[in-house]
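The values are calculated or read from the model by the stated rules, or taken from the named source; none is laboratory data. For clarity, every value in this text was computed on a predicted model and none was experimentally measured. We place every Cβ from the backbone using ideal geometry, glycine too, and count neighbours over all the protein chains shown.
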Amino acid sequence: MLSIIKEIKIADLFSILNLTFGFLSITMREPNFILISALMDGFDGYFARKGYSGKFGKELDTLADITSFGIAPSYFIGIYGIPFLIAGLLRLARFSKVDTDYFIGYPITPSALIVISLIKLNFLNYAILSSFLLAFFMVYDVRYEKIKNNAFLGISAIVIALAIILLPFSYILIAICTAYLLSPCLTLSRHSIN
């Protein structure tokens with residue numbers, strides 16, 4: 001009885017917190033909870049890479065991510081969020097079945113961070129337009145390198161945390177996520193030079 005509880009490790013607890021804050025963003029209509037979910041997702045990934053993930057870790061992470069970074073941002077843009085939600089679902093389904101050392105398609109977390117940051121800045125029309133564009137890039141067969149640089153990940157986490165309390169940091173967060181969105185272009189140009 002309750003044997004599944006024994007399978008929950010540190011990384012899984014952060015997945016559960018990710019899910020919880022994603023749900024709270026909807027029930028309390030507070031976009032900042034999605035940013036907190038992103039921080040929890042980051043901690044989940046960090047501890048999972050260290051081997052502190054349970055038997056159901058990948059599944060918990062995927063289910064939490066579709067809630068916090070698929071359903072929650074889509075809720076804030078209403079019916080226009082349906083393509084974003086479907087693309088996010090497909091993106092996560094592919095991620096859970098394809099085991100590579102890179103991502104295929106733009107990840108759902110930075111996609112959600114762009115949309116929700118635009119909403120926080122009261123750019124609803126841009127949030128809707130970007131959600132359509134990001135939906136395309138989430139399912140597009142383009143390769144994105146997994147960021148493993150702890151210094152960069154730490155700086156990104158600080159920017160996310162600051163964006164929760166200081167609105168202008170939302171612009172910096174959008175810039176970071178957009179740079180990652182465009183990063184395959186830099187990789188292609190580097191290969192063409194060599």
Query raised in the report: Which one of these is part of a helix (DSSP H, G or I), of a type in the set (D, E, K, R) and more than 15 Å from the chain's Cα centre (by Cα): ASP12, ASP44?
Result: ASP12
Query raised in the report: Can you find even one residue in the stretch 135-144 that is part of a helix (DSSP H, G or I) and buried (at least 22 other Cβ atoms within 10 Å of the Cβ)?
Result: yes
**Report entry** Enumeration of residues in the stretch 145-180 that are in contact (Cβ under 8 Å) with a residue 12 or more places away in the chain, part of a helix (DSSP H, G or I), over 17 Å from GLY42 (Cβ atoms) and not aromatic (Phe, Trp, Tyr)
**Finding:** SER170, ILE174, THR178
Query raised in the report: Among the candidates LYS55, LYS50, which residue alone is in contact with an Asp or Glu (Cβ under 9 Å, 6 or more places away or on another chain) and of a type in the set (Lys, Arg)?
Result: LYS55
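Which one of SER68, SER130, SER111, SER96 is in a helix (DSSP H, G or I) and modelled with pLDDT under 90?
Working: SER68 fails: modelled with pLDDT under 90; SER130 fails: modelled with pLDDT under 90; SER111 fails: modelled with pLDDT under 90.
So the residue among SER68, SER130, SER111, SER96 that is in a helix (DSSP H, G or I) and modelled with pLDDT under 90 is SER96.
Within the stretch 77-91, is there a residue that is in a helix (DSSP H, G or I), in contact (Cβ under 8 Å) with a residue 12 or more places away in the chain and under 23 Å from PHE169 (Cα atoms)? Give the derivation first.
First, the residues of the stretch 77-91 that are in a helix (DSSP H, G or I): 77-91.
From what is left, the residues that are in contact (Cβ under 8 Å) with a residue 12 or more places away in the chain are 77, 80-81, 83-91.
When the remaining residues are screened for being under 23 Å from PHE169 (Cα atoms), the result is 77.
For the stretch 77-91, residues in a helix (DSSP H, G or I), in contact (Cβ under 8 Å) with a residue 12 or more places away in the chain and under 23 Å from PHE169 (Cα atoms): present.
Determine which member of the set LEU153, LEU113, LEU182 is crowded, with 17+ Cβ neighbours inside 10 Å and aliphatic (A, V, I, L, M). Before you say what the answer is, go through the steps one by one.
Working: LEU153 fails: crowded, with 17+ Cβ neighbours inside 10 Å; LEU182 fails: crowded, with 17+ Cβ neighbours inside 10 Å.
Going through LEU153, LEU113, LEU182 in turn, the sole match is LEU113.
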